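Heads up: the structure comes next, in structure tokens.
Derivation of every value follows stated rules applied to the coordinates shown; laboratory data play no part. Not measured: the values here are computed from a predicted model. Note that we place each Cβ from the backbone using ideal geometry, even for glycine, and neighbour counts take in every protein chain shown.
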């Protein structure tokens, strides 16, 4: 209070100028506005950053979810179905759909019925049309993605160019769309498309995310393709594409399981072997052989499919059929679910009919028929291997009947197979039990009657009262590979006997020893080395050894045969062509092989000296003339009469062997023949 009790009043003018105060207030207000604007801007930036961060996190989570689910999916369809639904759910887009590249035409997209919509009912016209359409490269939204390999975003579908579903999209209230490719390397395998009711502007970051999803799905599809190829290759023949032995065995096993549950369920196995294929392969080359096998597989598959289609069109029941290639020229079929065995015979006959026509390879007609064996699963407990073995046995029976035949495994073949199995089992221990013996048949100089050598002939003393000729077991030994061990024993035994005779009868010209060599033994790696070792260890003069091979060995692998024969000749060993005239006998090729001797087959000797067999006599004379020209000696086999001997000698044949001189005899008896020889 001022003096005198008066209340004082503050007046701004007592302190400052009023103009200054107004300016300060304005400045403060401006500063407050700037701070408010800055704070609002900062809050906006922070909000947008948080929103972008949130959206980015959501999209990353979407990519991770899709990657995890796609990698865990059982197949491509499951992965695509999940991705479609997940993208629609994440974005809120109304409809998602997939097109796949057609397997046979990669320029065409087809609908595999993979789609998603949270509320499909109002969109059904658009969905239905999308599921029914196919798109060529460059046509429509999916076709443009297929063509460019790039994602595409469409705004305002009602005015979009090259969008074929414009009208129905408008009817269903769809206004924007995007699509992106799923690629395996540079190949589009699928196109995924999505549609929204809102007219949404293009989102480049979102399309980049979709592209990453497309890459992830492409890896899944590529992995599935690789896995499928591995699985296919493991169960299919690489040459023909047919099921292989493993898949065939699996199909037969499944068929037999069904039969165990339903005894009336018919099951049969058919075993087909091409006739004369070995000659095709050996004479024309493996490439031509492969071409024939591929053509055969295709032809068999076509005839079986046509037969099944014809029966279906006629309304007839027809069995299930699986065609396979076991290997080589062997094809098999499992036929199941039939009541009448006539259907199985119809299948077999249709296959033989398909092979009756020649194959055209490189402009050449190549004939290759077949022989078929059938085996039915008549009894419970049938096995895959048992059924296949029976069909194989029946196939050999079909070949024995003259080829181009169908044979059914029956009781007679069962007994024969049982006998063969017993023979094989006994044969395996025969060498260990020292049951093999060598018999020797003299080879005689026709002009003088002097024994010039012997042929070593194998015999099997199977039991004390059973001496088995090689015709009853050699084929089995060849098939099982036992022939290599047996043949080695024969070679050494014959060389030891010959060397022993050379030492005992040193005063006379050394006798020669002809030793038969089987195809498998001859082509066995190390055969030449074994012969060389045997010569060294037995001390035999190699010039007295004559190894006999058949025409089949020479024809089977000409280059290898010539190489082996040349190496044997370098050791000093002689080579003889056995049973000349009974095999493929190409006289034009004979000069390629370093033979020393031709052995004339007994079938040509049989009718010699009889006026009615002028053709046979002419053939023998032609062979003798050819041998003379090529400086080859000739041994006539199967000489049984004096008339044959005189005739052969008169025609200029040098040597003969047969019962006229002596049957095959033991080593001791052969030695006596040399003692008593002139």
Exercise for review: Report the full-extension gain for the segment residue 563 to residue 155: residue separation times 0.36 nm, less the Cα-Cα distance, to one decimal in nm.
Suggested key: 139.1 nm
Check your understanding: Label points 7 Å out from Cα along the Cβ direction at residue 264 and residue 317: separation in nm?
Key -> 0.7 nm
Exercise for review: Using per-residue counts of other Cβ atoms within 10 Å, averaged over each peptide, order 508-518, 174-184, 147-157, 444-454 from highest down.
Suggested key: 174-184, 508-518, 444-454, 147-157
Study note, to complete from the structure: In vacuo Debye sum over C-alpha of the chain, base-10 log of normalised intensity I(q)/I(0) at q = 0.05, 0.06, 0.07, 0.08 Å⁻¹, listed in q order, is -0.49, -0.62, -0.74, -0.85
Practice item. Provide the three semi-axes, in whole Å and in decreasing order, of the ellipsoid equivalent to segment 245-409 as defined by the square roots of 5 times the Cα gyration tensor eigenvalues. Key: 28, 18, 14
Point to revise | Over 15 Å [Cα-Cα, segment 633-678], rounded percent | key: 50 percent
Practice item. Please give the helix 342-356 orientation as an angle from the longest Cα principal axis of the chain, in degrees from 0 to 90, rounded to the nearest 10. Key: 80 degrees
**Study point:** Kirkwood hydrodynamic radius of segment 457-549, Cα pairs, Å
**Key:** 14.3 Å
Check your understanding: Residues of segment 638-678 with amide nitrogen under 19 Å from the 7 Å Cα-to-Cβ point of residue 500?
Key -> 664-677
Check your understanding: Between residue 197 and residue 25, what FRET efficiency comes out of the Förster formula 1/(1 + (r/R0)^6) with R0 = 56 Å and r the beta carbon distance, rounded to 0.05?
Key -> 0.55
Check your understanding: Cα centroids of segment 508-584 and segment 334-366: how far apart, whole angstrom?
Key -> 42 Å
Point to revise | Relative contact order of segment 71-235, pairs being alpha-carbon contacts under 8 Å that are 6 or more residues apart, as % | key: 21 percent
Review point. What value, in deg cm²/dmol to 500, does the helix sum -39500 (n - 2.57) over DSSP H runs of n ≥ 4 give at 222 nm once divided by the residues of the chain?
Key: -16500 deg cm²/dmol
Revision key, fill the gap. Where a ≥ b ≥ c are root eigenvalues of the Cα gyration tensor, a/c under 1.5 meaning rounded, otherwise prolate if a/b exceeds b/c and oblate otherwise, segment 71-235 counts as prolate
Review point. Length gain on complete extension for the stretch residue 305 to residue 253, per 0.36 nm per residue less the alpha carbon to alpha carbon distance?
Key: 16.5 nm
Point to revise | Using a Förster distance of 35 Å, the FRET efficiency for residue 463-residue 412 (Cβ separation, nearest 0.05) | key: 0.90
**Study point:** Where the Cα pairs of segment 614-654 fall when distances are cut into 5 Å bins, in %
**Key:** 5, 24, 35, 25, 10, 2
Practice item. Evaluate the distance, in nm, between pseudo-label points positioned 7 Å from the Cα of residue 365 and of residue 668 along their respective Cα→Cβ axes. Key: 6.3 nm
Point to revise | Directionally averaged shadow of segment 429-506, computed from the convex hull of its alpha-carbon atoms, nm² | key: 6.7 nm²
Review point. If you wrap a convex hull around the Cα atoms of segment 382-440, how much volume per residue is inside, in Å³?
Key: 123 Å³
**Study point:** Extension gain from residue 205 to residue 219, taking 0.36 nm per residue of separation minus the Cα-Cα distance
**Key:** 2.9 nm
Review point. Between residue 433 and residue 239, what FRET efficiency comes out of the Förster formula 1/(1 + (r/R0)^6) with R0 = 45 Å and r the beta carbon distance, rounded to 0.05?
Key: 0.55
Study note, to complete from the structure: Helix 411-430: inclination vs the chain longest Cα principal axis, degrees, rounded to 10, gives 80 degrees
**Study point:** segment 143-212: radius of gyration over Cα atoms, expressed as a fraction of 2.2 N^0.38 Å
**Key:** 1.12
**Study point:** Rounded to 10°, Cα long-axis angle of helix 558-570 versus longest principal axis of the chain
**Key:** 50 degrees
Check your understanding: Remind me, what semi-axes does segment 431-676 give for its equivalent ellipsoid, largest first in whole Å, using sqrt of 5 times each Cα gyration tensor eigenvalue?
Key -> 27, 22, 19
